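Please read the structure below before turning to the comments.
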Amino acid sequence: MSLAEAGDSTIERQIDTLGRQARAAAAALAKAGTAAKNAALLGMAAAVRSRREAILAANARDMAAAREAKLSGALLDRLMLDAARIEAMAKGLEEIAAQPDPVGAVMAEWTRPNGLSIARVRVPLGVIGIIYESRPNVTADAGGLCLKAGNAAILRGGSESFHSSGAIHAALVEGATGAGLPAAAIQLVPTRDRAAVGAMLRADRWIDIIVPRGGKSLIERVQRESRVPVIAHLDGNCHVYVDGAADLGMARKIAVNAKMRRTGICGAAETLLVDKACAGTHLKPLVEDLIAAGCEVRGDAPTQAVDARVKPASANDWDTEYLDAIIAVRVVDGVDDAMAHIARHGSHHTEAIVTEDRNTAERFLNEVDSAILLHNASTQFADGGEFGMGAEIGISTGRLHARGPVGAEQLTSFKYVVRGAGQVRP
């Protein structure tokens, strides 16, 4: 056996052990009451706060290694933790605790003519494997949401956030065990070896759902190789369409915020589409605002004509998720042309329309096939926390099981409970 084979074999055994422990923990969590789960989540929040200095020290190690490896500014922003982001993690866990418990909720109920009473009731999915890159805060969000929904979690963070994720995970275990829940309710894969990803994708005996959160190459690999069902999105090529009936002041605020508030998140706008009906009044100030905010603008010929600083857009620009201070800008012929562009180049993630014409807005909201659609609001609201979910594991762009922000409710399945009074089928 080669050294590589020996290493892979060790990792397979490691994942197998984590899987066995997770399956046992999932059985305990499925029976845990709301009070116990909420106590664990509040304990996790308290532990995140009490361990803040340790988490910051761990993150400093990761940031130093990331800078040495010359990671991009967008990746460094995703990786970086500070006091405010740690506090946001703690508050996110508290908000998850404040959410209604999805487990046991009756989704629908009815009575048949023969007297059978039938109810569709939410139940946990079981064991969820989360594979993610860069953002260490996903450790807290994913662990907390899985626990709220009665699921055990196996977390595989990115190698660049290894120390940060480990420090956060220690806080989660402290909170869970302090509330009497099993330590294996939330487990962290203890290796940076990429073979662990493959081992998780093959662990269909133990893992019920895989949720990947990261770059396009990771998502594509998971969807290609996984034996386990996947909840995923490929990328966030998000659009803002400024309609001919858009208020200019509103359009300027939304365009800059959608692109520049945080350029490294999947809800950041990557393309701005401007209706030719208002291009004469709206295009130049929109472009100038973006450039003034530090954004590189790549545009079509009409966009280049309004400002010499605009670089020519290539065919690839319309399909690119920059995750950086770069945006592609194109003039379109009304809402139909805008929707056709989004259908051709979008990733079914998040799109926004800015318009005072309610009928045009309703057409856009009804006809664009994306997980999240906004009228007169920034794409940066594409976030489970902003939707009132407390947190999210990610934004699903698929059509099966879950779509949009994946919160606690989306991490459940259901069963049918039938109550009778001695009925037999004729």
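The values are calculated or read from the model by the stated rules, or taken from the named source; none is laboratory data. Source: prediction; values computed, not measured. FYI the Cβ positions are ideal-geometry reconstructions off the backbone, even for glycines, and counts take in every protein chain you see.
Return the residues of the stretch 380-426 that are outside any loop (DSSP other than H, G, I, E, B), among the hydrophobic types (A, V, I, L, M, F, W, C) and closer than 30 Å to A255 by Cβ; say none if nothing qualifies.
Hits for the stretch 380-426 are F381, I395.
Quick check: is even one residue across the stretch 289-305 on the phi < 0 side of the Ramachandran plot, surrounded by 18 or more Cβ atoms within 10 Å (Cβ to Cβ) and in contact (Cβ under 8 Å) with a residue 40 or more places away in the chain?
Checking the stretch 289-305: not a single residue is on the phi < 0 side of the Ramachandran plot, surrounded by 18 or more Cβ atoms within 10 Å (Cβ to Cβ) and in contact (Cβ under 8 Å) with a residue 40 or more places away in the chain.
For R120, all conditions in the list (1) within 25 Å of A232 (Cα to Cα); (2) surrounded by fewer than 20 Cβ atoms within 10 Å (Cβ to Cβ); (3) not aromatic (F, W, Y) hold save one; what is the number of the exception?
The single condition R120 does not satisfy is (1).
Among the residues of the stretch 355-367, are any surrounded by fewer than 20 Cβ atoms within 10 Å (Cβ to Cβ) and either outside the structural domain of V297 (by TED's automatic domain parsing) or within 15 Å of the chain's Cα centre (by Cα) (or both)?
Checked the stretch 355-367: no residue is surrounded by fewer than 20 Cβ atoms within 10 Å (Cβ to Cβ) and either outside the structural domain of V297 (by TED's automatic domain parsing) or within 15 Å of the chain's Cα centre (by Cα) (or both).
Exactly one of these conditions fails for E356: (1) part of a loop (DSSP other than H, G, I, E, B); (2) out of contact with any Ser or Thr (no Cβ under 7 Å at 6 or more places or on another chain); (3) without any contact (Cβ under 8 Å) to a residue 40 or more places away in the chain. Give me its number.
E356 satisfies every listed condition except (3).
Going by what's in this entry, would V106 be described as among the β-branched types (V, I, T), assigned by TED's automatic domain parsing to the domain that holds L155 and within 24 Å of the chain's Cα centre (by Cα)?
no
What number of residues within the stretch 311-325 are modelled with pLDDT of 95 or more, surrounded by fewer than 21 Cβ atoms within 10 Å (Cβ to Cβ) and either within 13 Å of E288 (Cα to Cα) or of a type in the set (D, E, K, R) (or both)?
Final tally of qualifying residues: 2.
If you scan the stretch 235-266, which residues turn out to be within 16 Å of C295 (Cα to Cα) and touching a Phe, Trp or Tyr at 6+ places or on another chain (Cβ under 8 Å)?
Selection gives T263 alone.
Taking the stretch 164-194 on its own, how many of its residues are crowded, with 20+ Cβ neighbours inside 10 Å, assigned to a helix (DSSP H, G or I) and of a type outside the set (V, I, T)?
10
Which condition number does A377 fail, the rest of (1) touching a residue at least 40 places away in the same chain (Cβ under 8 Å); (2) outside any helix (DSSP H, G or I); (3) surrounded by 22 or more Cβ atoms within 10 Å (Cβ to Cβ); (4) in the same structural domain as K276 (by TED's automatic domain parsing) being met?
(3)
So which residues in the stretch 202-227 are free of Cβ contacts under 8 Å to residues at least 60 places away in the same chain and of a type in the set (A, V, I, L, M), if there are any at all?
Scanning the stretch 202-227 gives a single hit, I219.
Any chance you could count how many residues in the stretch 165-181 are more than 19 Å from the chain's Cα centre (by Cα) and among the polar types (S, T, N, Q)?
1
Restricting attention to the stretch 310-338, report how many residues are among the aromatic types (F, W, Y) and farther than 17 Å from R261 by Cα.
Qualifying residue count, the stretch 310-338: 1.
The rows are residues; the columns are (1) over 30 Å from T263 (Cα atoms); (2) of a type outside the set (G, A, S); (3) outside the structural domain of L125 (by TED's automatic domain parsing).
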{"site": "T17", "(1), (2), (3)": "yes, yes, no"}
{"site": "A22", "(1), (2), (3)": "yes, no, no"}
{"site": "A57", "(1), (2), (3)": "no, no, no"}
{"site": "L71", "(1), (2), (3)": "no, yes, no"}
{"site": "I86", "(1), (2), (3)": "no, yes, no"}
{"site": "A90", "(1), (2), (3)": "no, no, no"}
{"site": "L93", "(1), (2), (3)": "no, yes, no"}
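Only residues that are over 22 Å from A30 (Cα atoms) and in contact (Cβ under 8 Å) with a residue 60 or more places away in the chain: list them for the stretch 146-170, please.
E160, S161, F162, H163, S164, G166, A167, I168, A170
Just to verify a result, which residue in the stretch 213-254, among those that are surrounded by fewer than 24 Cβ atoms within 10 Å (Cβ to Cβ) and of a type in the set (S, T, Y), is farthest from L411 (Cα to Cα)?
S217
So G180 clears everything in (1) at pLDDT 95 or above; (2) touching a Cys at 6+ places or on another chain (Cβ under 8 Å); (3) of a type in the set (G, A, S) except one condition, right? Which one?
(2)
Filter the stretch 306-336 for residues that are touching a residue at least 60 places away in the same chain (Cβ under 8 Å), out of contact with any Gly (no Cβ under 6 Å at 6 or more places or on another chain) and of a type in the set (D, E, K, R) and give the result.
D319, D324
Pairs, please: C-beta under 7 Å, at least 6 apart or cross-chain, first residue at pLDDT below 95 and in the stretch 32-57, second surrounded by fewer than 19 Cβ atoms within 10 Å (Cβ to Cβ)?
none
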